[in-house]
Amino acid sequence: MDTQVTTKMKINKSANEVFEAFIDPVKIGNYWFSSSSERWEKGKKIILRYDEYGAEGIINVLEVQVNKQIVFSWGELNEETIVTITLKEVDEKSTIIEVNESGLKEEDPEVISKMLGQKEGWVYMLSCLKSYLEHDVKDLRASLVH
């Protein structure tokens, strides 16, 4: 069984604008997490906060290719997954963003539920990102209810 989750969306902004929305600690608060501890760069451990839930997590930035790709790991010890965010600029006004998360354990009896949850989360995050970048909507994040 393939335990990776892939989500794609077209955003009508340049690859640079989409890229900056991820790595800029202020911009990320407009659509995903409340805040990020610093700009995302290869080799850094970034603290992501969700003030609404009183939660925070750490990502390990593994790779950054400006305006093209961001790769990070996150999750509990021995249950980390790898997230690859790829940007493909269609033209100077639109970008296809693809999020791929891999490393979910096939033998985990909850793997299907976890995959569905991750897919739901990525679709929601990308929808919030699109709303923020294209329409300056900043109040959708942290509204998904389980």
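The values are calculated or read from the model by the stated rules, or taken from the named source; none is laboratory data. Just so it is clear, the model here is predicted, and its values are computed rather than measured. Cβ placement follows ideal geometry from the backbone for every residue including glycine, while neighbour counts extend to all protein chains displayed.
Taken together, the residues in the stretch 15-45 that are in contact with a Gly (Cβ under 9 Å, 6 or more places away or on another chain) and modelled with pLDDT of 95 or more amount to 1.
List the number of the failed condition for Leu87; all other conditions in (1) more than 19 Å from Val5 (Cβ to Cβ); (2) among the aliphatic types (A, V, I, L, M); (3) buried (at least 17 other Cβ atoms within 10 Å of the Cβ) hold. With (1) more than 19 Å from Val5 (Cβ to Cβ); (2) among the aliphatic types (A, V, I, L, M); (3) buried (at least 17 other Cβ atoms within 10 Å of the Cβ) applied to Leu87, the lone miss is (1). Applying the condition of being of a type in the set (Lys, Arg) and surrounded by fewer than 18 Cβ atoms within 10 Å (Cβ to Cβ) to the stretch 115-141 and asking which residue is farthest from Asp24 (Cα to Cα) yields Lys119.
Regarding the stretch 100-116, can at least one residue be identified that is under 18 Å from Gln65 (Cα atoms), at pLDDT 95 or above and part of a strand (DSSP E or B)? Checked the stretch 100-116: at least one residue is under 18 Å from Gln65 (Cα atoms), at pLDDT 95 or above and part of a strand (DSSP E or B). For the stretch 25-36, filtered to residues that are in a loop (DSSP other than H, G, I, E, B) and surrounded by 15 or more Cβ atoms within 10 Å (Cβ to Cβ), the residue that is nearest to the chain's Cα centre (by Cα) is Trp32.
Checking each residue in the stretch 74-88 for being part of a strand (DSSP E or B) and of a type in the set (S, T, N, Q) picks out Thr81, Thr84, Thr86. Residues in the stretch 50-73 that are assigned to a strand (DSSP E or B), surrounded by fewer than 17 Cβ atoms within 10 Å (Cβ to Cβ) and without any contact (Cβ under 8 Å) to a residue 40 or more places away in the chain: Ala55, Glu56, Gly57, Ile58, Asn60, Leu62, Glu63, Gln65, Gln69, Ser73.
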